[in-house]
1. Among the residues of the stretch 139-176 satisfying the criterion of being surrounded by 12 or more Cβ atoms within 10 Å (Cβ to Cβ) and part of a loop (DSSP other than H, G, I, E, B), which is modelled with the highest pLDDT?
2. For the stretch 46-57, does any single residue satisfy the condition of being in contact with a strand residue (DSSP E or B) (Cβ under 8 Å, 6 or more places away or on another chain), modelled with pLDDT of 85 or more and at positive phi?
3. Pull up the stretch 50-61, narrow it to residues that are closer than 16 Å to Ala13 by Cβ and surrounded by fewer than 20 Cβ atoms within 10 Å (Cβ to Cβ), then point me to the one that is farthest from the chain's Cα centre (by Cα).
4. Do you know which residues across the stretch 20-70 are farther than 15 Å from Phe4 by Cα and among the polar types (S, T, N, Q)?
5. State whether one or more residues within the stretch 178-188 are over 56 Å from the mean Cα position of the chain (by Cα) and loosely packed, with under 11 Cβ neighbours inside 10 Å.
6. Output the qualifying pairs, or none if there are none: Cβ atoms under 9 angstrom, residues six or more apart or on different chains, first residue in the stretch 186-204 and among the hydroxyl-bearing types (Ser, Thr, Tyr), second residue modelled with pLDDT under 90.
7. Tell me whether the stretch 116-126 contains one or more residues that are assigned by TED's automatic domain parsing to the domain that holds Thr58, modelled with pLDDT under 70, of a type in the set (D, E, K, R) and not in a helix (DSSP H, G or I).
8. Taking the stretch 193-210, which residues are more than 60 Å from the chain's Cα centre (by Cα), within 17 Å of Lys158 (Cβ to Cβ) and among the acidic types (Asp, Glu)?
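The values are calculated or read from the model by the stated rules, or taken from the named source; none is laboratory data. Note that the structure is predicted; figures quoted are calculated from it, not measured. Quick reminder, even Gly has a Cβ in these numbers, built from the backbone with ideal geometry, and neighbours come from all protein chains shown.
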Amino acid sequence: MKVFKKLQQARVALLDANLKKSGKNKFAGFEYFELGDFMPTINKIFLEVGLCGVVHFTNDYAILTIYDADSETGEHIEFRSPLVLAENAKGQLIQSMGSTHTYFRRYLFLLAMDIVEADTVDALPQKETPKAPPAAAPKVIEQKKEVDPAQQAFFVDKAIEEGKQCESLANLSSLWKNNQKQIDEIKATNKDEFTRLQTAFAEIKSKLQE
């Protein structure tokens with residue numbers, strides 16, 4: 001389609017036009033193209049290559065249609081953007097509508113003519129997201145084990161029984177070490193049973209040494 005070739009010719013011609021930005025955002029410190037900075041030049045280029053740009057609005061979209069003025073079949077390219085009403089807190093509704101038309105004409109032609117600008121969103125000062133305070137380290141809650149004296153007494157009886165069956169001091173020592181965890185718990189929570197176990201093992205040890 002010739003309309004695409006003509007649009008590309010218009011884009012290249014616009015590159016040689018050396019456009020100047022007149023819009024200034026003093027707050028954010030950047031310059032931008034206003035509609036009047038490029039529309040007169042675009043209209044001249046369109047006339048030379050045989051294009052015509054028409055902007056219209058629907059309830060949902062702003063649309064720029066670029067027609068091939070030499071085409072008898074109405075060849076065209078369409079650029080569209082979702083319609084958003086420009087905010088104008090101090091102005092009347094008609095002023096907001098006028099601002100909306102101006103903004104979308106500008107943005108649609110920037111898009112169609114591939115005019116490059118600095119990303120104004122990135123250029124604006126960004127609000128720092130407050131950092132959440134570091135999460136407190138979870139506290140380790142020591143759970144108190146319920147002491148069962150009967151179970152401890154059963155363990156001591158069983159340990160003494162196993163100890164009496166040991167045939168050497170090495171076997172007796174291994175029996176104690178293999179059950180060290182349970183013995184330590186009894187030592188910490190049930191001194192009577194620990195003393196009974198300790199005394200019994202001492203007697204078995206004495207017999208094995210004979």
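1. Among those residues, the one meeting the criterion is Cys166.
2. Step one: list which residues in the stretch 46-57 are in contact with a strand residue (DSSP E or B) (Cβ under 8 Å, 6 or more places away or on another chain), which gives 46, 50-57.
Of the ones still in play, those that are also modelled with pLDDT of 85 or more are 46, 50-57.
Next cut, at positive phi only: 50.
Yes - at least one qualifying residue is present in the stretch 46-57.
3. In the first step, residues of the stretch 50-61 are kept if they are closer than 16 Å to Ala13 by Cβ; the result is 50-53.
Checking which are surrounded by fewer than 20 Cβ atoms within 10 Å (Cβ to Cβ) leaves us with 50, 52.
On the way: Gly50: 48, Cys52: 44 Å.
Checking each candidate, the answer is Gly50.
4. Those that are farther than 15 Å from Phe4 by Cα and among the polar types (S, T, N, Q): Ser22, Asn25, Thr41, Asn43, Thr58, Asn59.
5. No, the conditions are met nowhere in the stretch 178-188.
6. Between residues of the stretch 186-204 that are among the hydroxyl-bearing types (Ser, Thr, Tyr) and residues that are modelled with pLDDT under 90, the close pairs are Thr189/Lys145; Thr189/Val147; Thr189/Pro149; Thr189/Gln152.
7. Within the stretch 116-126, one or more residues are assigned by TED's automatic domain parsing to the domain that holds Thr58, modelled with pLDDT under 70, of a type in the set (D, E, K, R) and not in a helix (DSSP H, G or I).
8. Within the stretch 193-210, Glu203 is the sole residue that qualifies.
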